Amino acid sequence: MTRLICLLSIFFAISSCSSGKKDPPLINADVRVTIEAISGGDGPVITKGTSGSEGNKYGFEGGTVIRMKDGYHLFTSEMTGDPRWVKMKLAHWLSPDGNQWERKSTIKESSGDFTGRDPRAAVWSPMPFYNVARGLWLLHYIGYKSKPDSAGMWLSNYEGRVFRLASKTIGLDGIDGPYEDAGLIMEPGKDSDPFEGLQGTDSFYPYEAAGKYYAFYGSAQTQHMPISLWQVGLARADNPEGPWKRCSEMNPVDLGISFTENPIVTKLDNGLYVAVMDAGYDSTGLNRSAFGYSYSRDGIHWSKEQLCYIENKVARWWSMMRTPLCLIKEKDGNYTVFHTAYDRNNYGSIGRLKVKIRIDTIKPLQYADNRPGCKYRMEATDVGVVLHYGDGPDSCDISGARDLWLFRANDSVFCMHYDAAGPRGWLASLATSKDLINWTKKGPVLQLGSKNEPDSKSASYGTTYFDGKKWHMFYLGTPNVTPAPDFIPAFPYLNMKAESESPFGPWIKKKGIVPFAPLEGTFYSSTTSPGFIVKNHDEYLMFFSAADYTIKRTICIARTKDLDSRWKIDSLPILSPEEQVENSSLYFEESNKTWFLFTNHIGFDKDGEYTDAIWVYWSKDLNKWDPDHKAVVLDGNNCKWSFRCIGLPSVIKYKNRLAVLYDAPGDQSISHMRRSIGLAFMNLPLNPPE
């Protein structure tokens, strides 16, 4: 198992020191912090073969970078020999520019004992902290016992203790050492919190907040394999030299994710605290291509962890992103993040990223026509575009890719039906993927109906349901569209049926089956678009889109006990048409027995109506929905590439996260055309806002 180790600490007042642009102060406002990767080098700045790396067999992991007047100081763990993760050195490197590095010294070397006797058999995570009052550099590190794994326990690094060194040189220049032993700070035992496991303490990062000193520390239940949780807690002290006491009433810190390790805290110019951290082996859902971050007003209460993705942002010299080592503000207002990552030869290397931080004030939603807004947020972390329009087979999506439906074909393959806007109209088309990021387009799965048939102008939005025997598709058909070249479907929106023996098709239209249809004088007089199907006891419920000709939109339930027969529409929708929502995708959270209904909201401003956000409603009863129980999931505030218009959502569980796929036109556009498909993730379990 790959060793997942802790970050190193820094004294953030030094690490974040900068000249240049200043962040505005924060005054009693709800804020959101977004960290986005801008660029990275073509390769690592320190790797195998770099002068000073001789004798380092497996590379570097963890660490921190502190900027001083003479350049960037890197403190890191070197995996020098065998046993791997046991034979270690704690090293100090220096660079005047962040690109050319010189190894300055070995701070500490482990014994490499593999019998379980030596509490410093393996040493990790040197964390320098400057005690201003004494003008003294303190350096915390983790010492582990080590022995071969046995009885389902991971024992390469166990019973971690926090040790401290102190520089023999007084003042800021003392960062270069030499360092001497200054005692034991924290160890596993009777004072340990319940989340702490056999691993003991795996990280210790001190910082100043609220007139006291706090430290993030981490642990994992390594007595059980596979390891399911890597969590962090807080410790507190009145003096940076201790004594340190666990904040048991707050631990573990709930960052909303199953893996969090090695937080490094930086205090921004405006007083906001930001912690960057390792996001874990499978937490990102995208091949380990992100680091995590959280933020806090007071340094004590922290937001849920968000992710900063580097996929498609930097040259792919790395095979696995690991640990961010710092967050250092530069003169241009952007930030440098040095980080560890494994290269394609599985050698731990040091990379460099440039990131930007955006701080937004979250304001209550208000619309020009006073339609209901949304006061809560349950934000997804946006990844960006994963399927671009324009390159489908036979130009099928030359004018856009939108209105998607996501489903599993089997345990390893995802299918996505999306509306491909092509030369003849909008058609439901298929794309497949194994990871939700890399998609293969297969082309249309439906064709236009014959002249005078109800789907003669569009056969689109193909929703599916597998009953254990065959695949059912309910799709949108219409005989009306706007003129060429856009061919945008127009009312009425009809609910039509197709079937297949395979999720990949071919799909056979069932022209004799009309699930249900618009009815004049009702709230669904213009629209009965298909939606998500749930089997509830002995009947099927479809959460379909309904609208009248005044274009008031809502979600309603249709019911049947036979998917090949007529459905019965409820007399009232689940939400008032004043909500102005359409399309549905549901997820059931087993941990709290709550249904979450994701839908598309239609906003209104000076440019008219357009889809402006993904909202989610929640209920414990499929038949009863409260319009006040809703939250914004994705809009122009947290989407990375489309800042006004966000289209239809489709959700599915992927590993330990909920994937949210959606369409959008990008930038400031609100057009129906030239849309692509994006991906965002939400941490599980889902919990309604407090």
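The values are calculated or read from the model by the stated rules, or taken from the named source; none is laboratory data. Please read these numbers as outputs of a predicted model, since none were measured by experiment. Reconstructed Cβ throughout: ideal geometry from the backbone, glycine too, with neighbour counts over all protein chains shown. Heavy atoms of the whole protein, side chains included, go into the accessibility calculation; ligands, DNA and RNA do not. Shrake-Rupley method; radii C 1.70, N 1.55, O 1.52, S 1.80 Å.
A compact table of results
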read-out: Listed peptides 426-435, 250-259, 643-652, 147-156 by packing density, highest first (mean Cβ within 10 Å); value: 643-652, 426-435, 250-259, 147-156
read-out: Carbon/sulfur fraction of accessible area - segment 104-172, other protein chains in place, 1.4 Å, %; value: 50
read-out: With DNA, RNA and ligands ignored, accessible area of T550 (1.4 Å probe; Å², nearest 10); value: 100
read-out: In Å², nearest 10: area of E578 left accessible to a 1.4 Å probe; value: 90
read-out: Segment 441-548: trypsin sites (Lys or Arg not before Pro) falling in loop per DSSP and having at most 16 other Cβ within 10 Å; value: K451, K469, K470, K510, K511
read-out: Spherically averaged projected area of segment 405-477 from its Cα convex hull (nm²); value: 5.3
read-out: The chain, relative contact order [Cα under 8 Å, separation at least 6], %; value: 10
read-out: Partner aspartates and glutamates for K568 [C-alpha distance under 12 Å; skip if fewer than 8 residues away on the same chain]; value: E539
read-out: Given charges at beta-carbon only (K, R positive; D, E negative), |dipole| of segment 597-690 in Debye; value: 460
read-out: Calculated over segment 44-170: convex hull of Cα atoms, volume per residue (Å³); value: 111
read-out: Principal axis dimensions, segment 235-388 - Cα atoms, whole angstrom, descending; value: 58, 54, 35
read-out: Rounded to 5, the percent of DSSP beta bridges in the chain classed as antiparallel; value: 95
read-out: Computed over segment 525-581, the ratio Rg/Rh where both radii use C-alpha atoms and Rh is Kirkwood; value: 0.99
read-out: Label-zone membership for segment 31-63, site N345, 7 angstrom Cα→C-beta point, backbone N under 16 Å; value: 43-60
read-out: Reduced Cα scattering model of segment 576-674, Debye log10 I(q)/I(0), q = 0.13, 0.18 Å⁻¹; value: -0.47, -0.85
read-out: Segment 35-80: GluC sites (Glu not before Pro) in DSSP coil with no more than 10 other Cβ atoms inside 10 Å; value: E54
read-out: Three-way shape call for segment 188-273 based on the alpha-carbon gyration tensor, with the a/c threshold at 1.5; value: oblate
read-out: Relative contact order computed over segment 230-377 (Cα-Cα under 8 Å; 6+ residues apart), in percent; value: 14
read-out: Overall form of segment 253-340 per C-alpha gyration tensor (a/c, 1.5; a/b vs b/c); value: oblate
read-out: Directionally averaged projected area (convex hull, Cα atoms, segment 445-547), nm²; value: 7.4
read-out: Dipole magnitude of the chain, debye to nearest 20 (Cβ charges: Lys/Arg +1, Asp/Glu -1, about Cα centre); value: 680
read-out: Rg ratio (alpha-carbon, reference 2.2 N^0.38 Å) - segment 510-636; value: 1.07
read-out: Relative contact order, percent, segment 302-398 [alpha-carbon distance under 8 Å, six or more residues apart]; value: 17
read-out: Three-way shape call for segment 307-446 based on the alpha-carbon gyration tensor, with the a/c threshold at 1.5; value: oblate
read-out: Qualifying aspartates and glutamates (Cα of each under 20 Å from Cα of K57; at least 8 residues distant if same chain); value: E78, D82, E102, E109, D113, D343
read-out: Helix-only CD estimate at 222 nm, as mean residue ellipticity for the chain, using -39500 (n - 2.57) per DSSP H run (n ≥ 4); value: 0 deg cm²/dmol
read-out: When each of K441/K653; K497/K620; K87/K108; K457/K510 is checked by Cα-Cα distance, pairs over 19 Å; value: K441/K653; K497/K620
read-out: Segment 111-194: Rg to Rh, with Rh as the Kirkwood radius over Cα pairs; value: 1.08
read-out: Dipole magnitude of segment 368-475 about its Cα centre (Cβ charges: Lys, Arg +1; Asp, Glu -1), debye to nearest 20; value: 200
read-out: Rg to Rh, two decimals, where the chain supplies the alpha carbon set and Rh follows Kirkwood; value: 1.03
read-out: Tail beyond 17 Å, pair distance distribution of segment 148-190 (Cα, percent); value: 55
